[in-house]
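Laboratory data are not the source of any read-out in this text; all were calculated from the coordinates shown. Here the structure is a predicted model, which means the values were calculated and not measured. Using ideal geometry, Cβ is built from the backbone for each residue, glycine included, and neighbour counts are taken over all protein chains shown.
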Amino acid sequence: MTAANLDAVGSQTASAPSALIQEQDGRLPLRTKIGFGIGDFAFNLYWQATTMYLLYYYTDVVGLSPATAGWIFGGAMLWDALCDPVAGYIANRTRTRWGRYRPYLLFGCVPLAASFVAMFFPTGAMGTGLLAFVMGTHMLFRTTYTVLSMPYNALMATLTNDSRERGSLAAYRMVCASTAGLVVALSTLKLVHIFGPADEKQGFLVVMTLYAVVSLPVFLLTFFSTRERVQPDAHAPSVRDALAVVLRNRAFLLVCGMGVALSAAGTFLSKTLPYVLKYALHREDLIGLALGVVALQVFIAIPFWAWVMRRTSKRLVALTGGCLGIGTYALLGGLGTPSVSVFLLLLGVIGFASAATLLAMWAMIPDTVEYGEWRTGIRGEGTIFGVIAFAQKGALAIAVGGVGHSLGAVGFIANQAQAQAAIDGMWAMLWQGPMVLLAIGVLFAFFYPISPGAHRGILSDLRQRRTASGTSI
């Protein structure tokens with residue numbers, strides 16, 4: 001859809017928007033970009049640690065069955081997903097002297113750290129008591145994570161309304177996120193063995209406490225180095241307004257579908273990879289390296305894809321990275337069980353491709369806020385980010401539960417030599433699931449309607465409406 005098409009639609013749905021749109025230069029100082037981006041380093045110490053190692057911790061350290069561990073993980077993620085729209089709605093209605101979203105970083109960082117450490121706290125409970133402890137601590141962590149992460153995500157749309165600057169913000173946060181992923185992937189198991197050479201539970205507790213402590217000053221830095229420049233809606237949106245923001249926002253619905261597919265694809269890869277390395281390739285020592293290769297390539301690729309995106313479009317970057325990823329997964333499957341060196345090389349290409357799709361997705365989401373305001377007269381960025389987080393985490397919950405269930409279905413038994421059928425099943429899970437899901441994500445990206453020119457047209461139209469209605473800037 002071209003900018004002209006969008007303007008035609010806008011003239012049919014015109015209403016006086018309530019949010020203030022910046023007339024001034026939307027460019028951001030380097031301090032703000034770094035300060036915002038580094039917040040994702042702290043979030044990804046938590047996210048990557050749970051994504052890469054919590055399922056492994058449950059099965060191989062705590063001793064839960066794969067199916068039980070998978071569904072506990074998935075159930076907690078589903079709870080997390082249900083909390084996201086609620087957290088987004090509440091944050092959207094928050095009014096403080098620090099803004100709508102920044103206060104959550106200040107007051108929520110300590111509860112988040114404590115709940116994260118609690119998941120790895122050794123307990124002597126057995127049976128039902130153990131299951132209750134694992135489920136309870138996991139749900140507590142997911143709740144506090146949502147309370148903090150959702151406002152952080154929405155903050156991105158309030159720092160500037162310049163589409164190019166938002167692409168730059170997405171690049172900064174992804175570089176910081178991938179740095180955390182690299183640290184977690186390469187360091188976690190090594191540090192666990194250092195701090196708990198005879199007791200992995202103790203090792204995990206020390207390492208996760210270290211990650212939690214490191215996150216605290218990072219969140220404070222993000223709080224003090226950012227400012228919400230795009231003003232909120234004059235009146236806090238109602239539930240009906242929130243529904244309109246989502247259901248009448250075609251661009252957001254497409255990005256949401258893309259995010260769901262990418263989240264599920266990444267989950268299948270990260271959750272299956274440790275089992276394939278340990279039981280199919282018999283290289284448990286390479287788990288951290290393999291996960292680190294993916295994270296390192298994301299880190300390396302982000303500046304390149306950001307450069308491409310500034311010269312082309314977010315949609316083109318998403319399509320290019322998605323197609324590259326699909327082709328690499330197909331090659332991985334076609335090779336059967338490759339050598340370790342080839343396997344790591346292909347994982348690196350997957351990481352390179354993932355950088356493009358993830359960067360494009362996070363850069364697209366803030367632009368859908370203005371698209372939604374243009375259609376409905378309501379900004380509702382808290383609702384937008386809350387709903388997409390709900391969709392992504394719901395997909396992740398189902399994917400994690402599916403991985404755990406699939407491991408049980410193929411005959412996997414923890415810490416034992418696996419039957420060939422189990423090995424073949426794990427290998428199929430590694431490439432087939434991500435490839436299909438990534439193809440779905442590419443399909444959603446293909447129909448994304450907001451080009452750089454279209455977004456400029458939307459902002460211009462919003463300013464014209466405000467001038468006509470006499471709204472002050």
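Below 30 Å, Cα to Cα, which lysines can Lys278 reach? Residues fewer than 8 away in the same chain don't count.
Straight-distance partners of Lys278: Lys190, Lys201, Lys393.
From the list (i) 20.9; (ii) 27.7; (iii) 42.8, can you say which value of mean projected area of the Cα convex hull in nm² was derived from the structure given?
Working out mean projected area of the Cα convex hull in nm² from the coordinates points to (i).
Report, in deg cm²/dmol and to the nearest 500, the calculated mean residue ellipticity at 222 nm for the chain, where each DSSP H run with n ≥ 4 adds -39500 (n - 2.57) and the sum is divided by the residue count. The partial results should precede the final answer.
On the way: 15 runs with 360 residues, N = 473.
Counting only the DSSP helices, I get -27000 deg cm²/dmol.
With a cut-off of 13 Å, note down the residues of region 114-132 whose backbone N falls inside the zone around a label point 7 Å from the Cα of Thr68 toward its beta carbon.
Only 125-132 fall inside the zone, counting backbone N under 13 Å.
Just to check I understand the Karplus step: with θ = phi - 60° and J = 6.51 cos²θ - 1.76 cosθ + 1.60, what whole-Hz values come out for region 206-223, glycine and proline as x?
5, 5, 5, 5, 4, 4, 5, 5, 4, 5, 4, x, 5, 4, 5, 4, 4, 4
How do 410-422, 262-274 rank on mean C-beta neighbours within 10 Å, highest first?
Numbers: 410-422: 14.5, 262-274: 25.0.
With the highest mean Cβ count within 10 Å placed first, the list reads 262-274, 410-422.
With +1 on each Lys and Arg Cβ and -1 on each Asp and Glu Cβ, how big is the dipole of region 315-402 about its Cα centre, in debye rounded to the nearest 20?
Values: 4 positive and 4 negative charges, 28 e Å.
Value, rounded to 20: 140 debye.
What is the packing order of peptides 199-210, 394-405, taking the mean over residues of other C-beta atoms within 10 Å and listing the highest first?
Details: 199-210: 19.0, 394-405: 22.6.
Answer by packing, highest mean first, reads 394-405, 199-210.
Among Gln464, Ser168, Ala242, which residue has its Cα furthest toward the positive end of the charge dipole of the chain, with +1 on Lys/Arg Cβ and -1 on Asp/Glu Cβ?
Gln464
About the Cα centre, and with charges only on the beta carbon of Lys, Arg (+1) and Asp, Glu (-1), how big is the dipole of region 30-462? Nearest 20 debye, please. Mind dumping the intermediate values first?
Details: 29 positive and 19 negative charges, 223 e Å.
Using Cβ point charges on Lys, Arg, Asp and Glu, region 30-462 gives about 1080 debye.
If packing is taken as the mean number of other Cβ atoms within 10 Å per residue, what is the order of 71-77, 58-64, 191-197, highest first?
Working: 71-77: 23.1, 58-64: 19.7, 191-197: 15.9.
Final packing ranking: 71-77, 58-64, 191-197.
Quick check: Cα centre of region 248-274 to Cα centre of region 309-388, how many Å?
Comparing the Cα centres of region 248-274 and region 309-388, I get a distance of 9 Å.
Please tell me the relative contact order of the chain in percent, rounded to the nearest whole number, where contacts are Cα pairs under 8 Å and at least six residues apart.
Numbers: 805 pairs, mean separation 151.2, N = 473.
Dividing the mean separation by the residue count of the chain yields 32 percent.
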